Amino acid sequence: MLVDLRSDVLTKATPEMKEAMMSASMGDDVFRDDPTTELLQKKVAEITGKDMALFVVSGTMANQLAIASLTHPHDEVILDVKSHIFQFEQGAPAVISGVQLRPEPFIEALPDEQMLEYAIRFPDVHHPISRMLCLEVTHNYNGGMIPDFEKLRDVCQKARDRGLKIHIDGARIWNAVVASGTPITEYACLCDSMMFCLSKGLGTPIGSILAGNEDTIERARYLRKGIGGGWRQPGMLAAAAVYALDHNIDRLAEDHRRAQMLAEAVNRHPDLEIVGRVDTNMVFFRPKKGDLETYSNKLTARGILHDWQHFKAIRLVTYLGINDAMIEYCIEEIQTIPLF
């Protein structure tokens, strides 16, 4: 059996989603003539409580548009050293926005008060201007961790009090919503802009969406065109997103349940250890002894595909299309693969 747990971006559109795509109304979105994209953007604005939303190709594009729309050249953006924006987006803020990133070692995906105070620059001709705080929910590098909501709210209030704009990279925020029970509006009201991916747990072929106030989203729309992100007839993709929001949110609990099954199997193994917490659909673990690459090769040879080089740990991700039989196969193999 082959079980591909490398990432939840590997979801495939279901027959029902494909049917919705095939029946979609389409037009040119650059002219704002695509009715299905307009429907999607209005729907996301309503469910997040934001003024407007903008459909884009990827989560990276959404993050970069948020930074570009809320900062100016010579500004500085404070973020976690393990954040997706810092680790996996090519240093794009320097190129696209002309800003400097200030990575700090957040604790459980959040800065503590002292860290935030230390990171914010005092006004000086030598310094960039501290303009923005970027947070990540769920936190990919920390195993799909959900930051404590009360601490998150406190951090956002302190950042606002100090004049910072706030962006939430919510690539997997629906996983946080389902696992924690905290409504999406509670997260959205903490920040100036928030994005989430449609092509991960929600199961669409492509796309992410950025939500914010009218000025921010209109600025993002303008900048999107300049970096080649203007859609021509995206209605089929927008229809997939609308279907996903209507049908694929609650089912994320199944992904979380299966991730817990994997985590329990790892915990039962005397020579394996979980890295971090398993809050949602990711499991990070490593052998207590021996070579990580060798163990990775053994997993691959048994048909369990995974990521390890980006994180220095084995990462398994559950998603739409992974079923219980696949998880049971992985559990059996994890229990029997020799480490040495």
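The combined condition, being closer than 27 Å to THR185 by Cα and surrounded by fewer than 18 Cβ atoms within 10 Å (Cβ to Cβ), is fulfilled by ARG32.
Closer than 16 Å to LYS43 by Cα, among the β-branched types (Val, Ile, Thr), assigned to a helix (DSSP H, G or I) and more than 17 Å from the chain's Cα centre (by Cα), is that true of VAL242? The answer is yes for VAL242. Taking the range 281-317 as the range and being assigned to a loop (DSSP other than H, G, I, E, B) and more than 23 Å from the chain's Cα centre (by Cα) as the test, the residues that pass are LYS288, LYS289, GLY290, ASP291, ARG302, GLY303.
Whether any residue in the range 80-88 is farther than 28 Å from GLY203 by Cα and within 17 Å of the chain's Cα centre (by Cα) is what I want to check. For the range 80-88, residues farther than 28 Å from GLY203 by Cα and within 17 Å of the chain's Cα centre (by Cα): present. Whenever a residue of the range 230-259 is farther than 21 Å from ARG32 by Cα, its partners that are among the β-branched types (Val, Ile, Thr) and surrounded by fewer than 24 Cβ atoms within 10 Å (Cβ to Cβ), lying with C-beta atoms within less than 6 angstrom and at least six residues away or across chains, give the pairs LEU252/VAL178; ALA253/VAL178; ARG258/ILE327; ALA259/VAL278. For the condition buried (at least 24 other Cβ atoms within 10 Å of the Cβ) and assigned by TED's automatic domain parsing to the domain that holds ILE166, ILE96 does not qualify.
Counted as qualifying within the range 125-226 are the helices (runs of 4 or more DSSP H) with 3 or more residues that are acidic (Asp, Glu) and at pLDDT 95 or above, namely 149-161, 214-226.
Which one is nearest to TYR141 (Cα to Cα), of the residues in the range 277-320 that are small (Gly, Ala, Ser) and in contact with a strand residue (DSSP E or B) (Cβ under 9 Å, 6 or more places away or on another chain)? Filtering first and then ranking leaves ALA313. Comparison of GLU76, GLU46, GLU89 shows that the only residue that is surrounded by fewer than 16 Cβ atoms within 10 Å (Cβ to Cβ), in the same structural domain as GLU113 (by TED's automatic domain parsing) and modelled with pLDDT of 95 or more is GLU46.
Within the range 124-157, take every residue that is surrounded by 17 or more Cβ atoms within 10 Å (Cβ to Cβ) and among the charged types (D, E, K, R) and give me the one that is nearest to LEU101 (Cα to Cα). Per the stated criteria, the residue is ARG131.
The values are calculated or read from the model by the stated rules, or taken from the named source; none is laboratory data. If you're wondering where the values come from, they're calculated on a predicted model, not measured in any experiment. Glycine also receives a Cβ, built like all others from the backbone with ideal geometry; neighbour counts cover every protein chain displayed.
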